[in-house]
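Report on one structure; see the data block that follows.
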Amino acid sequence: MKVISFLNPKGGAGKTTAVINIATCLVKSGYKIAVVDTDPQRSISNWNQQDKAIFDLYTAENEKDVYQVRKQLTGYDYVVIDGAGSLSIITAAAIMVSDLVIIPVASSPLDFSSSGSVLSVLEAQAYNRQVPAYYLITQSKNHANMLKIIKNNIAHTGIPRLINSLSYYEGFKTSLIDNGTIFDTKNGKAIAIVQLLTSEIITLLKTEGNDETSI
Ligand SMILES: Nc1ncnc2c1ncn2[C@@H]1O[C@H](COP(=O)(O)OP(=O)(O)O)[C@@H](O)[C@H]1O
Ligand SMILES: [Mg+2]
């Protein structure tokens, strides 16, 4: 079992959208998936009121629930944690139990700085065990300058970024409103992006996992 957390205290960064679509893609790829909603606003739980999710959904009330994840959700291939919308003790707990941290950032320079607080917790955690972390650019449009700025910002942190971005597609918004995912739309391009991103993450977990045993 591997734990992947999507963390950024900035609301609107694209955490929940990434979690719902990537977790769905992982189930469609044959994996057994649990998603843990740690957001006090319960975005995923609200989205799933009609119980349409094809992954198993759990809620974490507090950091203790997050610490239990590795013990209690052992039957899953991957546990995906949707981070809270503020830097909380839950974020620190999620980093501690994670094999991989993904930091979604909306492709707007104004949105970038709040992700720094996640990096501080990652740095502190590295004294115990280094957790691999990657930025994920979300909501990017065909705007070369904007992308350049955000990529530069990321490069300055020294944290790598996922090759695939969760580009802006209306389908990501509309499918959530209908309690579905991008797989319920006919948007082949957006679906392909989620599939590419998901395989990139699986590959990373396999290679990072191997590195870990040699530390
Ligand atoms: N790739 C995307 N394309 C279009 N809209 C997106 C995309 N990612 C997120 N959004 C929209 O942006 C808003 C915030 O995204 P959300 O995933 O809820 O962020 P967070 O969980 O970080 O607060 C939502 O309305 C969501 O539908
Ligand atoms: Mg959210």
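Just so you know, all these numbers are worked out from the coordinates, no wet-lab data involved. Quantities reported herein were computed from a predicted structural model and do not represent experimental measurements. Backbone-built Cβ (ideal geometry, glycine too); neighbour counts: all protein chains shown.
A few points about this structure:
- Theoretical FRET efficiency, 1/(1+(r/R0)^6), r = Cβ-Cβ of GLN50 and ARG129, R0 41 Å, to 0.05: 0.55
- All lysines inside 28 Å of LYS148 as judged from Cα atoms, apart from same-chain residues fewer than 8 positions distant: LYS10, LYS15, LYS173, LYS189
- The convex hull defined by the C-alpha atoms of segment 2-209 has an orientation-averaged projected area of 10.6 nm².
- With the highest mean first, a sort of the peptides 17-29, 114-126 on other beta-carbon atoms found within 10 angstrom per residue produces 17-29, 114-126.
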